[in-house]
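Below is one structure, written out as structure tokens, with a few remarks after it.
The values are calculated or read from the model by the stated rules, or taken from the named source; none is laboratory data. These numbers come from a predicted model, not from an experiment. Here the Cβ is made from the backbone with ideal geometry for all residues, glycine too, and neighbour counts use every protein chain on show. Please note that ligands, DNA and RNA were not included when accessible areas were found on the heavy atoms of the full protein model with its side chains. Shrake-Rupley method; radii C 1.70, N 1.55, O 1.52, S 1.80 Å.
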Amino acid sequence: MESSPSSSSVITSEDVMGTLMNDGTIDSMRLKIITQLKANEELKNTTIKMVEQSRVLNTPGAEKQTKRELIDALRQELEISVLEKASKSVWELILDNNGIGKEISETVEQVFCRLSGREAPLFVSDFGPQPEKGKEKKSGRKRKAGHLGKIILNLQQRRER
């Protein structure tokens, strides 16, 4: 029984991430997540309520401060809690098995299969993978695989069975 080189080599999360970064898929995923985050009315309303209830705006004399002073003070008071809420919303999108999270899993699986020489599943996501465009868009920045790395690990384990 002969095995092809792609079926005997181990596809790492870095291989898959590199492909996703080079073909523009990561940028498409990021844009889609940002678009949905911006459309999140609950997050907007929560942020507005936090600003309206802030100590900065409800302190006597706040109306005498400059716009810049108010913005800086609001940032200092609310930035961490607003970012925590936004981060939670992003993770909910990424882990959603019926929305973007499902698309991410399917896209990662398609790239993993393509790199390992296996037949890709029949599903198609909205954002990739796109045809590879040589080596342009290569970035010197190292990114962590995170959630995508876990998906790839699961695919590798299924492949070994």
**Prompt:** On the given criteria, is K88 more than 21 Å from K49 (Cα to Cα), in a helix (DSSP H, G or I) and among the charged types (D, E, K, R)?
**Reply:** no
**Message:** If I filter region 50-83 down to residues being closer than 19 Å to L37 by Cβ and touching a residue at least 12 places away in the same chain (Cβ under 8 Å), which single residue comes out as least open to solvent (accessible area, probe 1.4 Å)?
**Reply:** L78
**Asked** Give me the pairs: first residue in region 99-113 and more than 10 Å from T25 (Cβ to Cβ), second residue open to solvent by 30 Å² or more (accessible area, probe 1.4 Å) and among the aromatic types (F, W, Y), beta-carbon distance under 6 Å, and six or more apart or on different chains, which are they?
**Response** E106/F123
